[in-house]
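What follows draws every value from the coordinates through simple rules; no lab data is involved. On a predicted model such as this, the values are computed, not experimentally measured, just so you know. Reconstructed Cβ throughout: ideal geometry from the backbone, glycine too, with neighbour counts over all protein chains shown.
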Amino acid sequence: MPNRRLLQDRLIHAIAGAERYSAKVAILFLDLDNFKKINDSMGHGLGDRFLKSVSERLNSIIRDSDTLARFGGDEFVVILEGSCKIDDLSSSCQRILEGFEEPIPVDEHVFFTSFSIGISVYPDDSKDPEELLRCADSAMYQAKAQGGSGYCFFTADLNSRTRERLLLETHLRKALERDQLRLHYQPQIDLFSGKMVGMEALMRWAHPEWGMISPGEFIPLAEETGMIVAFGEWALRTACKQGVDWQKKGHPAVRVSVNISARQFRHGKLVQTISEILRETGFEPGLLELEITESMVMDNVEEAILTMEKITSLGVNLAIDDFGTGYSSLQYLQRFPVRRLKIDRSFIQGSADDPHHAAITSAVIALSKTLDMKVVAEGVEMMKHLDFLLTRECDLGQGYLFAPPLPPEEISQALRDFEGNHEWKSRIEQVNNTR
C-alpha cells in the first residue's frame with residue numbers, strides 16, 4: 001500500500017491531470033473509530049495484523065481507479081478521480097461504511113470497527129495538495145465529533161473551527177506551566193441532616209485574555225491530546241493540599257471528590273501516583289473520593305476491577321459518576337468496590353416532570369440501598385428537584401440550589417452560610433421530621 005510520501009506524489013499527479021482537463025479530484029480521509037482500544041487491550045502485534053486486515057478489506061471495496069494509501073497510524077486516504085458529485089462521493093463513503101458492518105477476524109479474535117470519513121474536493125476546497133489533505137482531515141474530525149461511523153464534507157466553517165481548535169490546543173499546552181488551571185469546589189449536602197459532608201473538585205481554566213473557561217470547552221481536547229494525565233495529577237495533588245489547608249484553618253474534615261479521566265484510569269502509574277500524592281500532602285485517604293464513569297470500567301471490566309481494588313486498598317473511596325448513562329451490567333456493579341453512585345444530572349433535571357426520568361432516578365436510589373451504597377444526585381437546581389429526592393430518601397444532593405462551584409477562598413464563607421436559615425434546609429428538616 002502507498003505510504004504518505006507516495007500518496008503526496010499521486011495526489012500532485014491527479015491534481016495536475018484535473019487542472020489540465022478542468023476536472024475534479026476528491027480526498028477521503030479515513031480514521032478508525034476504536035483502534036486505540038484494540039491496540040491497548042490486545043497488544044501492538046495483534047493491532048498491526050488488524051490494520052493489515054482492514055487494509056485488505058478497504059482495497060476490496062474501492063474502485064481500481066482509486067488510490068488507497070496509509071497516511072499513518074490508523075489513518076487512510078483515498079484519492080478519487082473522475083466523477084466528484086456529492087451523490088457519488090456520498091455513495092463511495094456509504095460503500096466503505098457498509099463494507100465494515102461485518103466483523104474482522106484476526107487470529108482467534110473477531111473485531112467490529114468503523115470509520116469516520118472526511119471529504120474535500122479539488123479545486124472547490126483548495127488547489128494546494130497539502131491544504132486539501134488538511135481540509136479532509138478537518139472534516140474527518142467533525143465526523144468523529146458527531147459520533148463516528150459516518151462522513152462529513154469540508155466547509156469553510158470547518159476550516160475556521162479547525163483553526164480555533166489549534167489555537168485552543170496551543171494555549172492549553174501552556175496552561176499548566178503558566179499556572180492558569182484552577183479548582184472550584186461544589187458542596188455536597190446530606191439530605192437527612194442538611195449539612196455539607198463533601199465537595200467535588202471541578203477544574204477551570206483561567207486564561208489571562210479569554211477569562212474563565214469551563215471544563216466542557218477544554219477537557220475533551222485535553223483528553224484527546226493526552227494532556228489530561230498531567231492535568232488530572234495536578235488536580236488530585238491540588239485538591240489534597242487544599243483539604244489539608246482547610247483542616248489547618250480549623251474547618252471540619254469533609255470528603256473531597258476528584259474526577260479521574262479515562263486516560264488516567266488506564267494509565268499504568270495511577271495507583272502509584274495516588275499513593276505518592278497522599279504521602280506528600282498528608283491528606284487522609286478516607287477523605288479522598290475518586291469519581292470514575294461507567295464507560296471507563298466497562299471497557300475492560302476485569303482489569304478495571306483490579307485497578308479499583310488497588311485504589312481502595314490505599315483507603316481511598318470510589319464513586320461511579322453519571323450513573324445511568326454507561327449501560328453497566330448489574331452483574332459487575334455488585335463486584336465493584338464502590339461506595340457511591342452519582343445519578344447523572346440529566347435524570348435529576350427531568351425527574352419532577354418526566355415519568356421516565358423519575359422512574360430511572362427512583363430505581364437507582366432503590367438499587368443503591370440494596371447494594372449498600374450511598375447515592376448522590378447531581379444537578380439539584382430547583383425546590384421541586386429536592387422535593388422529589390426527599391420523597392425517595394436520596395442520601396446526598398449537589399447543585400446550584402445549595403451552592404455553585406466555588407473558588408477555595410470562598411469555601412470558608414460557604415461553610416458559615418450553611419449554618420444559617422435556607423428554604424431548602426427548612427424543607428429537609430420538615431420532611432425528615434415527618435418520617
Please work out the FRET efficiency for the pair ASP417 and SER193, using the Cβ-Cβ distance as r and a Förster radius of 22 Å; give the result to the nearest 0.05. 0.85
Just to be sure I understand the model, the point goes 7 Å from the Cα along the line to the Cβ. What's the resulting ARG95 to ARG182 distance in nm? 5.5
Just rank SER351, SER90, SER257, fewest to most, by other beta-carbon atoms within 10 angstrom. SER90, SER257, SER351
Using Cβ counts within 10 Å as a stand-in for footprinting exposure, how do HIS184, HIS109 rank, fewest first? HIS109, HIS184
Each label point is 7 Å from the Cα along the Cα-to-Cβ direction; what then is the distance between the points at LYS37 and LYS269, in nm? 2.7
Paramagnetic label zone (point 7 Å from Cα along Cα-to-C-beta, ASP245; backbone N under 13 Å) in region 182-222: 182-185
Using the membrane-span-like helix rule (whole DSSP H runs, Cα extent along the own axis of at least 27 Å, mean Kyte-Doolittle hydropathy at least -0.5), which helices of the chain qualify? 228-248
Yeah, region 42-115 with a ≥ b ≥ c from its alpha-carbon gyration tensor (a/c under 1.5 is rounded, else prolate when a/b outruns b/c, oblate otherwise) is prolate
Which of (1) 24.6; (2) 20.3; (3) 22.7 is the computed mean projected area of the Cα convex hull in nm²? It is (1)
For ALA363 and GLU169, extending 7 Å from Cα along the Cα-Cβ vector and measuring point to point gives, in nm, a value of 4.0
Listed residues GLY250, LEU158, PHE347: farthest to the positive end of the dipole of the chain (Cβ charges): GLY250
Cα shape, region 272-415, gyration tensor, a/c 1.5 rule: oblate
Sorted by Cβ neighbour density within 10 Å, fewest at the top, the residues LYS269, LYS342: LYS269, LYS342
Contour minus end-to-end for SER22 and THR370, with contour as 0.36 nm per residue of separation and end-to-end as the Cα-Cα distance? 118.2 nm
For the pair SER214 and LYS384, what calculated FRET efficiency results from E = 1/(1 + (r/R0)^6), where r is the Cβ-Cβ distance and R0 = 25 Å, to the nearest 0.05? 0.45
